[in-house]
Amino acid sequence: MSPSLVFTDSSTSTASRLLPFSRTATPFNAAVSLRRSVGPLNVRPFVLPPLRTLSVNSSNNPSPVINDKSGGEACAKVIDGKMVAKQIRDEIAAEVLKMKEAIGVVPGLAVILVGDRKDSATYVRNKKKACESVGINSFEVRLPEDSTEQEVIKFISEFNNDPSVHGILVQLPLPSHMDEQNVLNAVDIVKDVDGFHPLNIGRLAMRGRDPLFVPCTPKGCIELLHRYAVEIKGKRAVVIGRSNIVGMPAALLLQREDATVSIVHSRTKNPEEIVKHADIIISAVGQPNMVRGSWLKPGAVVIDVGINPVEDAKSPRGYKLVGDVCYEEACKVASAVTPVPGGVGPMTIAMLLSNTLSSAKRIHNF
């Protein structure tokens with residue numbers, strides 16, 4: 001008998017909907033910091049880069065040996081997303097400095113935040129700090145909850161035409177009266193560092209085509225596998241969840257790496273039987289501890305995207321964050337697993353910075 005599953009989008013940019021933060025009633029005043037536009041960009045024809053744009057220094061990066069656990073090892077290797085994200089930020093900072101010194105250009109990321117959600121404001125603040133840590137310029141627009149869709153699109157248009165901005169991010173979720181797709185589609189594809197534009201997703205799905213940008217969370221999942229020397233080619237991979245933000249692009253990325261990919265979703269019968277055959281599992285459903293140790297094949301590698309609050313009387317906040325995968329059980333079966341927090345989350349912001357740097361390099365032919 002298969003368990004009853006309720007799937008939600010658990011990407012870092014939208015998992016904020018699940019977190020129990022209080023909200024203030026006073027809307028933000030529109031606080032806009034914009035450089036004056038000097039007209040539309042003249043962008044050269046693209047030479048699309050490979051999906052992995054960051055170099056790997058093997059002497060500095062983790063190189064665990066991830067083996068089959070049939071020999072009865074006690075605990076899985078922890079895939080430390082926080083550590084890897086720090087390495088990536090250091091690499092980006094070096095590239096940003098090199099670009100500034102060579103051609104006088106500093107990559108710029110613009111973020112638009114609508115409404116007064118505390119969680120969304122926290123995400124935006126973290127992204128701003130991350131930009132500062134690597135030398136990327138950050139631009140920010142904060143609009144009140146009752147702003148119109150047209151007002152948001154107006155600021156997107158300003159950023160589209162501003163040559164000092166190389167990436168544009170609209171913080172999700174948007175207020176319910178706005179059409180999310182209309183707003184996201186207004187972002188120029190050459191600055192779509194979130195990778196959500198239909199043309200970017202379409203190119204990701206096509207053989208022989210490369211997207212300009214890959215969505216940050218699934219890109220971070222694959223980067224973790226690369227940095228931990230996990231073999232993907234020829235392996236069986238299962239993605240749990242089929243959201244446009246994580247599940248579907250993660251499956252497409254694994255397929256590009258020559259894995260044999262299955263997708264488990266809310267209509268899948270006997271999901272545990274499918275998962276049990278997987279060498280690699282990426283879970284992004286937003287259900288705490290849904291994936292049990294009994295679901296896992298011994299020696300599997302588990303990437304847990306879930307960020308779920310559960311009650312915890314011992315925590316000062318009254319709750320703790322856990323993943324979709326029961327971590328304690330997975331550690332006894334898997335060969336490697338990401339913790340929550342400290343796994344995929346830090347990688348999402350690192351990939352956002354990576355995409356912004358790639359955009360600046362592409363636009364300025366550097």
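The values are calculated or read from the model by the stated rules, or taken from the named source; none is laboratory data. As the structure is a computational prediction, the values presented were derived from the model and not from experiment. Positions of Cβ are backbone-derived with ideal geometry, glycine not excepted, and every protein chain shown enters the neighbour counts. To get the accessible areas, we keep the full protein, side chains included, count just its heavy atoms, and leave off ligands, DNA and RNA. Shrake-Rupley method; radii C 1.70, N 1.55, O 1.52, S 1.80 Å.
A Förster distance of 30 Å, applied to the separation of the beta-carbon atoms of residue 311 and residue 206, puts the FRET efficiency at 0.10. Extending 7 Å from the Cα toward the beta-carbon at both residue 185 and residue 229 defines two label points whose distance is 4.7 nm. Couplings for region 256-272, taken from phi via the Karplus curve 6.51 cos²θ - 1.76 cosθ + 1.60 with θ = phi - 60°, read 5, 8, 6, 7, 9, 10, 10, 10, 9, 9, 5, 9, 6, 8, 6, x, 5 Hz in order; Gly and Pro are left as x. Reported value for region 100-191: 81 Å³ per residue, from the convex hull of its C-alpha atoms. Of the residues 317, 142, ranked by 1.4 Å probe accessible area with the largest first, the sequence reads 317, 142. For region 130-263, a crude dipole built from +1 on the beta carbon of Lys and Arg and -1 on the beta carbon of Asp and Glu, taken about the Cα centre, is about 960 debye to the nearest 20. Amide H to amide H distances under 5 Å link residue 169 with 110, 111, 112, where only residues 5 or more positions off or on other chains count and H is placed in the peptide plane. Once the convex hull of all Cα atoms in region 215-345 is built, its volume per residue stands at 104 Å³. Taking amide hydrogens as placed 1.01 Å from N in the peptide plane, the amide H of residue 240 sits under 5 Å from those of 264, 282, 283, 284, each at least 5 positions away in sequence or on another chain. Label sites at residue 273 and residue 328, each approximated as a point 7 angstrom past Cα along Cα to Cβ, lie 3.0 nm apart.
For region 215-345, the per residue solvent-accessible surface stands at 39 Å², with DNA, RNA and ligands left out and a 1.4 Å probe.
On the accessible surface of region 250-366, probed at 1.4 Å, how many percent belong to carbon and sulfur atoms? Provide the component values of the computation, followed by the final result.
On the way: 2230 of 4470 Å².
Accessible surface attributable to carbon and sulfur in region 250-366 totals 50 percent.
One equal scatterer on each Cα of region 143-186, no solvent, Debye formula: the resulting log10 I(q)/I(0) at q = 0.16, 0.22, 0.25, 0.33 Å⁻¹ is -0.40, -0.74, -0.92, -1.36. With Cβ to Cβ distances under 11 Å as the rule, what net charge do the other residues near residue 184 carry (K, R +1; D, E -1)? Around residue 184, the charge tally is -4.
In loop segments of region 159-237 as defined by DSSP, there are no chymotrypsin sites (Phe, Trp or Tyr not before Pro) with at most 14 further C-beta atoms inside 10 Å of their C-beta.
Placing 146, 162, 210 in order of accessible area, with the largest value first and a 1.4 Å probe, yields 146, 210, 162. Local charge for residue 168 was computed over the other residues whose Cβ lies under 9 Å away, with Lys and Arg +1 and Asp and Glu -1, and equals -2.
Under 5 Å from the amide H of residue 334 lie the amide H atoms of 299, each residue being 5 or more positions distant or on a separate chain, with H modelled from the backbone and absent for Pro and chain starts.
Accessible area per residue was computed with a 1.4 Å probe on protein heavy atoms; residue 176 scores about 120 Å². Of the residues 352, 240, 306, the one whose Cα sits farthest toward the positive end of the charge dipole of region 235-366, with +1 on the Cβ of Lys and Arg and -1 on the Cβ of Asp and Glu, is 352.
For region 100-191, the solvent-accessible area with a 1.4 angstrom probe is 38 square angstrom per residue.
Within a straight-line Cα-Cα reach of under 27 Å, residue 128 can be paired with the following lysines, leaving aside sequence neighbours fewer than 8 residues apart in one chain: 82, 86, 98, 100, 118, 154, 191, 219, 320, 361. Carbon and sulfur together cover what percent of the accessible area of region 100-191 at a 1.4 Å probe radius? Answer for region 100-191 is 46 percent, counting heavy atoms of protein chains only.
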